[in-house]
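S.K.: The structure's right below; bear with me while I get my questions together.
The values are calculated or read from the model by the stated rules, or taken from the named source; none is laboratory data. The structure presented is a predicted model; accordingly, all values stated were derived computationally and were not measured. Every residue, glycine as well, gets a Cβ built from its backbone with ideal geometry; the counts of neighbours run over all protein chains shown.
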């Protein structure tokens, strides 16, 4: 078990180290979030609806789209120069490889999520709840679920000719539970309702994340095997 | 099961299915009583509901065959999954075209974000992803594995998608056939809907068997071609084995 966790950490640390040196994905996703928020400002007629009223849904849409941008490149580095083969010959079980990638992607996407919420709070005067823990719980659970599915599917799309373009087609139909309950819980919490109101949504989010992680751990070895 | 048996079963089921399809169309147009509140447009229901059942049934086959394919690696299971997915896509498309036609007259709108509509539309897109993944890989074997993973993950998520779409209030008519207290339908209507269900299940199974047999033949042709292109190496018995 200890060895297994060490392997996961090694994979995640490798990905994060590469990311913090190049800052490619984080810069792309961060800029994407801010720019989408700016466009959103001009897309909404303020005399009809205040952007704040759409904030919960928009936050989740922006996280999904920004996440798509970053997750699509999960295996970009490994595709070049046969680096994936190098990674596969390492004495690491396939599921540890998957979980390592999930951890690295979660760290990145959690940062993007925090930025998204901050941008919405700053630009659209979205009032954050006094006790941020329930909101953090909802957003983090959703992020892990999104990353768990996205990492698995980006492993698939990396092996196809269509590449990243295929990712939303595979991923979005399955994200419906995440967006439904994530946005509902976020809206409740932003509206200042007690965390108990969103307990049901949080449970479904947790179930989604668990299913996604189990599927990823169980199925990842089939998509990298060669 | 030999390929000959598969083809014969396909022919027999196909004839039965087409005969029943003609019968249920006669029932729909000339025999079944017109529903009191919705009028003539309700007759679309006899095409819509069986197609929906067959579409979901097909996805069950896709998921099951995909999972067992990943487990055992038996190529035939992948042929079966793909055959079921193609049939399922046809019937899901029928659901998605017949539904709005009915809804336009019954509800006054082509589309609404109603649970069963949404679920069927998402299922259609999961099928689409399943085919796109398969056709955009250069390595046949990888395409099969990718598609199987998509099929299994899709099936695992269906219950959760189902939950979320039901969370919104439902406008769709509540079930009238599949109920715990038995069908709430005029007996003639029930007869018609079950004839239609039988007809399209048979048509689907027939298409499924034909597609499966064709996939086996394709795989055989590929093996023969590969052996021909590489004459320096004598073909293994598996490669030239008849399908």
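S.K.: Answer with yes or no whether residue A:150 is at pLDDT 90 or above, buried (at least 24 other Cβ atoms within 10 Å of the Cβ), facing another protein chain (nearest Cβ under 10 Å) and under 16 Å from the mean Cα position of the chain (by Cα).
M.R.: no
S.K.: Now, a different point. Given (1) modelled with pLDDT of 85 or more; (2) within 14 Å of chain B (Cβ to nearest Cβ), identify the lone condition not met by residue A:102.
M.R.: With respect to (1) modelled with pLDDT of 85 or more; (2) within 14 Å of chain B (Cβ to nearest Cβ), residue A:102 is out only on (2).
S.K.: Do you know which residues across segment A:183-204 are in contact with a helix residue (DSSP H, G or I) (Cβ under 6 Å, 6 or more places away or on another chain) and facing chain B (nearest Cβ under 10 Å)?
M.R.: Listed by number, the residues that qualify are A:184, A:201, A:204.
S.K.: Of all residues in segment B:143-164 being at the interface with another protein chain (Cβ under 7 Å from one of its Cβ atoms), farther than 16 Å from residue B:68 by Cβ and at pLDDT below 85, which is surrounded by the fewest Cβ atoms within 10 Å (Cβ to Cβ)?
M.R.: Per the criteria, the residue is B:163.
S.K.: Does residue B:203 satisfy being surrounded by 19 or more Cβ atoms within 10 Å (Cβ to Cβ), modelled with pLDDT under 90, touching a helix residue (DSSP H, G or I) at 6+ places or on another chain (Cβ under 8 Å) and more than 14 Å from every other protein chain (Cβ to nearest Cβ)?
M.R.: no
S.K.: Residue by residue through segment B:85-113, note down the ones that are more than 24 Å from residue B:205 (Cα to Cα) and within 14 Å of another protein chain (Cβ to nearest Cβ).
M.R.: Correct list: B:113 only.
S.K.: Mind telling me which of the residues A:169, A:179 ends up being surrounded by fewer than 21 Cβ atoms within 10 Å (Cβ to Cβ), within 13 Å of chain B (Cβ to nearest Cβ) and either touching a strand residue (DSSP E or B) at 6+ places or on another chain (Cβ under 9 Å) or at pLDDT 90 or above (or both)?
M.R.: The conditions single out A:169.
S.K.: Out of the residues in segment A:125-138 that are at pLDDT 85 or above and in contact with a helix residue (DSSP H, G or I) (Cβ under 6 Å, 6 or more places away or on another chain), which is surrounded by the most Cβ atoms within 10 Å (Cβ to Cβ)?
M.R.: A:138
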